[in-house]
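Structure record follows, encoded as structure tokens.
The values are calculated or read from the model by the stated rules, or taken from the named source; none is laboratory data. The structure displayed is predicted, hence computed values, not measured ones. Counting neighbours? That spans all protein chains shown, and the Cβs are built from the backbone with ideal geometry, glycine included.
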Amino acid sequence: MRLDLRALRALSRTERITVAAAVAFTVIAGISKVIGPRTVATFLIAAVALAALAALVGQSIEQVGERLGPGPTGLLQSALGNLPELLVGIFALRAGLVEVVRAALVGSILANTLLVLGVAILAGGLKNGTQRFPSDQPRMIGTLLLLAVAALLVPTLAQLLHTPAAPHAAGLSSAVAVILIAVYALSIPFWLRQAKPEPEPDPKPEPERAASEGSATKPGTHPPRPAWPLGLAVALLVVGSLGAALASDWFVGALEPATKSLGLSQTFTGLVIVAIASNAVENVVGIRFALAARPDYALSTILNSPLQIALLLTPLLVLVSHLTGPTHLTLVFPALEVCALALATVVVIVVLADGEYVWLEGVALIGLYCIVAASFWWG
């Protein structure tokens, strides 16, 4: 897709600085990857580039979301945001790092459902007060996440309980993976129907409406910002997502030597550090929506990502592992990781079931994430 530089004039000064920072840090990270040794400095440069690209993708997603609605926006964002994780997972499987892939998949789901959602609820609640939203979409996401947790629990229990299916973990995992992908494919029309609602008619008479438009904005609302041209928003979204895929690869490439220098275990690295970094796009986008008092967009953006990881990315990697090398990825996960996923899913469903959230619920989610992360500190 061709990006006309003259169209960048439609951006504000701050937005242009974001674009410039994303380009500059990505170039620096690429040069560091090519000519420099893999050190902690290389790791930090790639992390900064990833954060800048996430900010660019976040602004682009907001602009595209103005025209689509929360459901399609969340679906599009999660697809682009999880692309780096899919590529990293495939490369890691080719290298035989199956345990790291398992930890990163579980960590990504936990990071989004607990940490990112908690920060978004905390930030949005503190800034805008109690936030209300339609509960049907979060409720459906919770139901599908429970299905995904059950899909991990069944092969894991079959192995732990030494059932007749235990020796056939690879075959059982492949069958479950196909079913999960089918469920995800059938869910796409549901998300696409969550289109942008029609604006409600203003009941004020014309003179009153004109007077109110000239007055200051109400607390908790934001003055309308100039919309980007659609072509520019889509072009920056694609460029930012591709850049994020490269930066994620560079980040993970420098991760192992950096974490060895810092004395971190592989399990904690995959579960926490890789998971948070590879989901930087969702982190920025969801929190921006929450701060803008748009809880429906924030929840759709944040929760669609772990749902896609559970129903699409994980089963895809199970099937792809049969082609990448001698070591196969199965759905037999460590019991503590599966229990942590179940706890996170149940808590999120309880928090969002009433169709509103307050900042203290965000604190509770962040606290649970810290407890789970601490349990994996020693590997």
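Quick check on Pro84: is it in contact with a Phe, Trp or Tyr (Cβ under 6 Å, 6 or more places away or on another chain), buried (at least 22 other Cβ atoms within 10 Å of the Cβ) and modelled with pLDDT under 75? No; evaluated as a whole, the condition is false for this residue.
Pairs meeting the criteria (first residue in the stretch 51-64 and in contact (Cβ under 8 Å) with a residue 60 or more places away in the chain and farther than 20 Å from Ile276 by Cβ, second residue among the polar types (S, T, N, Q) and surrounded by fewer than 24 Cβ atoms within 10 Å (Cβ to Cβ), beta carbons under 7 Å, at least 6 apart or on different chains) are Gln59/Thr18.
Close Cβ contacts (under 9 Å, 6 or more residues apart or on different chains) running from residues in the stretch 284-301 that are closer than 22 Å to Thr18 by Cα and touching a residue at least 24 places away in the same chain (Cβ under 8 Å) to residues that are charged (D, E, K, R) and surrounded by 24 or more Cβ atoms within 10 Å (Cβ to Cβ) comprise Thr301/Glu282.
Of all residues in the stretch 339-363, those satisfying the criterion of being part of a helix (DSSP H, G or I), crowded, with 20+ Cβ neighbours inside 10 Å and in contact with a Ser or Thr (Cβ under 9 Å, 6 or more places away or on another chain) are Ala340, Leu341, Ala344, Thr345, Val348, Leu352. The sole residue among Phe25, Phe43 that is at pLDDT 80 or above, surrounded by 21 or more Cβ atoms within 10 Å (Cβ to Cβ) and in a helix (DSSP H, G or I) is Phe25.
Given the residues Thr345, Thr327, Thr267, Thr314, which is the only one that is touching a helix residue (DSSP H, G or I) at 6+ places or on another chain (Cβ under 6 Å), at pLDDT below 80 and within 16 Å of Gly107 (Cα to Cα)?
Just a single option satisfies the conditions, and that option is Thr267.
Conditions tested, residue by residue: (1) out of contact with any Cys (no Cβ under 9 Å at 6 or more places or on another chain); (2) modelled with pLDDT of 50 or more; (3) loosely packed, with under 11 Cβ neighbours inside 10 Å.
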site	(1), (2), (3)
Pro189	yes, yes, yes
Pro201	yes, no, yes
Ser212	yes, no, no
Leu236	yes, yes, no
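On the given criteria, is Ile302 within 14 Å of Asn112 (Cα to Cα) and in a helix (DSSP H, G or I)? Taking the combined requirement at face value, the residue satisfies it.
Looking at the stretch 125-142 only, could you name the residues that are assigned to a helix (DSSP H, G or I), at pLDDT 90 or above and under 18 Å from Ala353 (Cβ atoms)? Of everything in the stretch 125-142, just one residue is assigned to a helix (DSSP H, G or I), at pLDDT 90 or above and under 18 Å from Ala353 (Cβ atoms), namely Gly125. Thr324 falls short on exactly one of the conditions (1) over 25 Å from Ala120 (Cβ atoms); (2) exposed (fewer than 15 other Cβ atoms within 10 Å of the Cβ); (3) not hydrophobic (A, V, I, L, M, F, W, C), and that condition is (2). The single condition among (1) crowded, with 23+ Cβ neighbours inside 10 Å; (2) under 18 Å from the mean Cα position of the chain (by Cα) that Leu291 does not meet is (1).
Looking across Gly74, Gly107, Gly96, one residue alone is modelled with pLDDT of 75 or more, among the small types (Gly, Ala, Ser) and buried (at least 20 other Cβ atoms within 10 Å of the Cβ). It is Gly107.
Within the stretch 348-379, the set of residues being aromatic (Phe, Trp, Tyr) and modelled with pLDDT under 90 comprises Phe376, Trp377, Trp378.
Taking the conditions exactly as written (surrounded by 14 or more Cβ atoms within 10 Å (Cβ to Cβ), among the aliphatic types (A, V, I, L, M) and modelled with pLDDT of 75 or more), does Ala247 satisfy them or not? Against the criterion (surrounded by 14 or more Cβ atoms within 10 Å (Cβ to Cβ), among the aliphatic types (A, V, I, L, M) and modelled with pLDDT of 75 or more), Ala247 qualifies.
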